[in-house]
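Reviewing the structure listed below.
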Amino acid sequence: MKLKHYFLCLGLGIALMAGIALFATFRAGGDFKSPSSLFYVTEGFVVLMMVYLWFFYKKTIRPYDTLVSGMELVRELDLTTRLAPSGQHETDVIVRTFNDLLNRLRSEHLTLEEQYTFLSLLIEASPMGIVQCDINGKITSMNPAAREMLSPAMEQAIRSLPLGDTITVRMPGAPQLYRISHQSFPDRGYRHPFFLIESLTSEVRRAEKAAYERVIRMIAHEVNNSVAGIVSLMENGKLKMEDVDGASERLTALSEFVTRFADVVKIPQPQLQLCDLSEEVEACQPFLESLCQSAHVQLEFHLTDEAAPVRIDTILFQQVLINIVKNAVESIGEREGLVIITTAPSQLTITDNGRGIPPSVAPHLFTPFFSTKPQGQGLGLLLIRDILTAHHCTFSLMTDSADHLTRFTIQFPK
């Protein structure tokens, strides 16, 4: 029962007492014209109690009503409305205290809201992938960078990472390298896990390129100087004639070998122009067919009739396409097939039904100087990687475990 109801019951009780006193007076022999002194005393006490109750009501119930109104404001999260002074000292003390409390709540609420907004914008714009999970490990949210990075292989690596650990992983069939950290933050007394995914691809590539650029240029300088001197002696006839042909061929091959290394660090910036992807593939078709015919490999073209506009450097693109087909031809046997497919709006896929990529080899693809061929130099995929990266393409090379086909997929930017 509310406090004001108690006051109402008390007032009714006093009125009942006045009625009983009046009844008792007349029972004692009094009348309305000559009431006894007991009647005056009783009625005076009743009037005094009513006045006191009214005064007490104003001092107690009004502050109580004011406090209830303030509680309603807090319950409705209305932090902009303030309670008005009533003119009573006790009530105004409550009003001032409550208004100060609302001011502090509003200030803290605005501060938290601004911090939350800033943190949300920071997470959305961050180039680092951020994946939040609930206490059961289920993914609840992620920022745009994480959506681009997340794949089934990435999700598997995330779920197998213990809390507090950090690992570096390379995605199967792709050159991307990532660092994944498993951390947590407290929320309502519980530890909520989250993952930070940082792309290390650009940093690793810069470090790799800086390292092998110095090595290649040093090798090219030293070997070319030696080759030039020997070739000069040969041309002057100071060597035996029967050794000239063999030495010349060997030195020429050595010079080409070193030059190929040096060419890796001399890839020009692409001169982009708007082209149709299918038309560019058709331009290379005669050369690619001759390349496959010499290795007795069947080649098919499935080119889309829809427009597939891409911005590419046609010379560098042809070099990439030739290198991919050449690597595929060398890795598959005779009588096997190779299919080149273009799909709208801007995707190119080269598929072969050869032996496939062994699981032990897949993590090392696109690594500088790694090759499974006896005479391989590990430069073909490196050259392809750098050219496609300069075009801002996403690409992958992997063997599908379902159909055992190996696909080199290139997705050009829109």
Scan segment 114-158 residue by residue and report those that are within 16 Å of Phe194 (Cα to Cα) and of a type in the set (Val, Ile, Thr). Ile123, Ile130, Val131, Ile135, Ile139, Thr140, Ile158
Can you tell me which residue is farthest from Pro162 (Cα to Cα) among those in segment 114-144 that are among the hydroxyl-bearing types (Ser, Thr, Tyr) and in a helix (DSSP H, G or I)? Thr117
When you scan segment 279-301, do you find a residue that is more than 32 Å from the chain's Cα centre (by Cα), under 13 Å from Leu348 (Cβ atoms) and not in a helix (DSSP H, G or I), even just one? yes
If I ask for residues that are under 19 Å from Arg385 (Cα atoms) and assigned to a loop (DSSP other than H, G, I, E, B), which ones from segment 339-367 would you list? Ser346, Ile357, Val361, Leu365, Phe366, Thr367
For segment 90-101, how many residues meet the condition of being open to solvent by 70 Å² or more (accessible area, probe 1.4 Å) and modelled with pLDDT under 70? 1
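Test of understanding: among Asn136, Asn143, which residue is open to solvent by less than 60 Å² (accessible area, probe 1.4 Å), of a type outside the set (A, V, I, L, M) and either at pLDDT below 85 or on the phi < 0 side of the Ramachandran plot (or both)?
Working: Asn136 fails: open to solvent by less than 60 Å² (accessible area, probe 1.4 Å).
Of Asn136, Asn143, the one residue that is open to solvent by less than 60 Å² (accessible area, probe 1.4 Å), of a type outside the set (A, V, I, L, M) and either at pLDDT below 85 or on the phi < 0 side of the Ramachandran plot (or both) is Asn143.
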Mind checking which pairs have a first residue in segment 363-384 that is at pLDDT 75 or above and aromatic (Phe, Trp, Tyr) and a second that is in a loop (DSSP other than H, G, I, E, B) and open to solvent by less than 20 Å² (accessible area, probe 1.4 Å), Cβ under 9 Å, 6 or more apart or different chains? Phe366/Ala174; Phe366/Pro175
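Before we move on, is Gln298 polar (S, T, N, Q) and closer than 25 Å to Ala153 by Cα?
On the way: polar (S, T, N, Q): yes; closer than 25 Å to Ala153 by Cα: no.
Against the criterion (polar (S, T, N, Q) and closer than 25 Å to Ala153 by Cα), Gln298 does not qualify.
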Take segment 102-151 and flag every residue that is under 30 Å from Ala84 (Cβ atoms) and either among the small types (Gly, Ala, Ser) or without any contact (Cβ under 8 Å) to a residue 24 or more places away in the chain (or both). Asn103, Arg104, Ser107, Glu108, Leu110, Thr111, Leu112, Glu113, Glu114
Has segment 407-414 got any residue that is charged (D, E, K, R), more than 24 Å from Arg170 (Cβ to Cβ) and open to solvent by 40 Å² or more (accessible area, probe 1.4 Å)? yes
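Among the listed residues Leu303, Leu277, which satisfies the condition of being more than 30 Å from Thr372 (Cα to Cα), out of contact with any helix residue (DSSP H, G or I) (no Cβ under 6 Å at 6 or more places or on another chain) and surrounded by 15 or more Cβ atoms within 10 Å (Cβ to Cβ)?
Working: Leu303 fails: out of contact with any helix residue (DSSP H, G or I) (no Cβ under 6 Å at 6 or more places or on another chain).
It is Leu277.
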Do we find a residue being part of a helix (DSSP H, G or I), among the small types (Gly, Ala, Ser) and either open to solvent by less than 70 Å² (accessible area, probe 1.4 Å) or without any contact (Cβ under 8 Å) to a residue 60 or more places away in the chain (or both) anywhere in segment 324-338? yes
Considering only residues that are charged (D, E, K, R) and within 17 Å of Phe395 (Cβ to Cβ), look in segment 306-323 and name the one that is least open to solvent (accessible area, probe 1.4 Å). Asp313
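The values are calculated or read from the model by the stated rules, or taken from the named source; none is laboratory data. A quick note: this is a predicted structure, and the numbers were derived from the prediction, not measured. A quick note on method: Cβ atoms are made from the backbone with ideal geometry, for glycine too, and the neighbour counts reach across all protein chains shown. Just the protein is used for accessible areas: all its heavy atoms, side chains included, with ligands, DNA and RNA removed. Shrake-Rupley method; radii C 1.70, N 1.55, O 1.52, S 1.80 Å.
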